[in-house]
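Student: Quick one: this structure, given as structure tokens, is what I'll be asking you about.
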Amino acid sequence: MWRYINGRMSRRFLSTSCSSARGWWDHVRPAPKDPIVSVNEAFLSDPFPHKINLGMGTYRGDDGKPFIPQSVRDAEIKIQRCKLEELNSSAVRTKFVQECVKLAYGNDSYVVREGLFAGVPTLSGTSACRLFAEFQRHFYPDSQMHLPDPTWSNHHNIWRQAEIPVKTFHYYHPDTRGLDFAALLRDVKNAPDCSFFLLHPCAHNPTGVDPTQEQWREISYQFKVKNHFPFFDMAYQGFSSGDLDKDAMALRIFLEDGHLIGCSQSFSKNMGLSEHKVGCLSVLCQNIKQVAALKSQLQLMSHAMYSSIPFHGISLVAKILSDPDVEALWRKEIKVMANRIETMRTTLRQYLENLESSFNWEHITSQVGMFCFSGLTPDQVKQLEKLFHIYMTPDGRISMAGVTTSNVAYLANAIHQVTRMDEEALSSCYV
């Protein structure tokens, strides 16, 4: 600190523990690594030329490289041709949020026509979830967030960092490798009234298991009975069915039943904009007065967290969603991407069955979206990494975007080998 000594300014450090640089961070311990980050780090450090990364969460083409849709390139050209006054920052941000809400609930939805939504641009879907968690903590400080078991691992981190207690509800049945619908409904009914639930509207991460239309209607009904609040994290719209509207079915069912809804949207996957970090958080409201109040609160909180997000990504998404020609092309490209993943599912299953594997691999094609919850054990995942240089998260989640025509046979054989080794080891115990 600075002091006057003999009429001159002089700097002296107080001899207290606080003045020493040593000791400030001695109590800080390394945080546990995110499993997806760990997989990517291990993959990058492996010098084997034919290694396979099945841990990524973004789409890849059949060449294994990141895919940028032509619709995104066309939108970029159109933006460059725009006059300066047409790129007003505030107007584009408002247009962006409006187009995101249309994509979620439909162009002819009454919430769009009447403007009954409050929304802000966010740093991809992660930031949208984090901002809603902050909003929840501020206005419902005694609430909890119910997450499906399993869910994207970062969901737990997001609500934990916001100091919102997390509970889980049944979702996946490991024996059937499908939806544990009865247990899910039981947990919804047994949760305290007015609870917050996070739901994946399509292409559930990590299981690839989605409720049917009839099941969504029953879930919505039970939410209405219990007055629960549904928060949808929609990171993979289009990848479940190849149809953007069909993949938004769950939100539209809940809207039809009169729910107020929170929604996180990300364009990292379905537009190939992972480096632009473009997302949106929107919350439906009952009236315009609520819209103004919620929008002001979301803006205040987002400004404190990240101020604003890069403008170029917002401009691209707004242009794609608002330009009929570009949007039509994007919808076709979404179908192509979804079809490629579906083809890889069918091919992987066929290869495994042709190897006369004794395991049932039907779930590979019954699950949908970017991910396949393979049923492989953590030990089998380790063997795939050690013996075959194939990388995935310990829970056996396979990113189907990492499966290509050039590596699917190798992958099937590797899976067959590690599952057969476990089967043979088990058989030897009874000899």
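The values are calculated or read from the model by the stated rules, or taken from the named source; none is laboratory data. The shown structure was predicted, so the numbers you read here are calculated from the model rather than taken from an experiment. When we count neighbours, we look across all protein chains shown, and the Cβ atoms used for this are built from the backbone with ideal geometry, even at glycine. To get the accessible areas, we keep the full protein, side chains included, count just its heavy atoms, and leave off ligands, DNA and RNA. Shrake-Rupley method; radii C 1.70, N 1.55, O 1.52, S 1.80 Å.
Student: From the helices alone, meaning DSSP H stretches of at least four residues, give me the mean residue ellipticity at 222 nm for the chain, per-run term -39500 (n - 2.57), in deg cm²/dmol to the nearest 500. Display every interim value, and only then the final one.
Tutor: Details: 16 runs with 201 residues, N = 431.
About -14500 deg cm²/dmol.
Student: Within straight cross-link reach of Lys382, meaning Cα distance under 12 Å, which aspartates and glutamates are found once same-chain residues fewer than 8 apart are removed?
Tutor: Cross-link targets: Asp395.
Student: Quick one: dipole size for region 88-322, taken about the Cα centre, charges +1 on Lys/Arg Cβ and -1 on Asp/Glu Cβ, in debye to the nearest 20.
Tutor: Value, rounded to 20: 580 debye.
Student: Loop only per DSSP, at most 10 neighbouring Cβ atoms within 10 Å: give me the chymotrypsin sites (Phe, Trp or Tyr not before Pro) in region 21-88, ordered by residue number.
Tutor: The qualifying sites are Trp24, Trp25.
Student: A further question on this structure: Take the alpha carbon gyration tensor of region 31-172, find the square roots of its eigenvalues, order them as a ≥ b ≥ c, and report rounded if a/c is under 1.5; if not, report prolate when a/b exceeds b/c, else oblate.
Tutor: Cα axes put region 31-172 in the oblate bin.
Student: Could you pull out the pairs from Lys78/Lys319; Lys246/Lys269; Lys65/Lys246; Lys167/Lys246 whose alpha carbons sit more than 19 Å apart here? Walk me through the intermediate numbers first.
Tutor: Details: Lys78/Lys319 8 Å; Lys246/Lys269 17 Å; Lys65/Lys246 27 Å; Lys167/Lys246 29 Å.
The answer is Lys65/Lys246; Lys167/Lys246.
Student: Moving on. Exactly which GluC sites (Glu not before Pro) in region 78-180 are in a DSSP loop and have at most 10 other Cβ atoms within 10 Å?
Tutor: For GluC sites (Glu not before Pro) across region 78-180 that sit outside H, G, I, E and B with at most 10 neighbouring Cβ atoms in 10 Å, the list reads Glu163.
Student: Given a 1.4 angstrom probe, I'd like the percentage of the accessible area of the chain that is carbon and sulfur, rounded to a whole number.
Tutor: 53 percent
Student: Hey, another quick one. Going by Cα centres, region 103-119 and region 189-255 are how many Å apart?
Tutor: Answer, in whole Å: 18.
Student: Over the chain, with a Gaussian network built from C-alpha contacts below 10 Å, which listed residue (Asp175, Asp247, Asp233) shows the highest mean-square fluctuation?
Tutor: Asp175
Student: Tell me the per residue accessible area of the chain using a 1.4 Å probe; a whole number in Å² is fine.
Tutor: Normalised by residue count, the accessible surface of the chain is 50 Å².
Student: Can you tell which of Ser366, Ser266, Ser406 shows the greatest fluctuation in a Gaussian network model of the chain with Cα springs below 10 Å?
Tutor: Highest fluctuation of the listed residues: Ser406.
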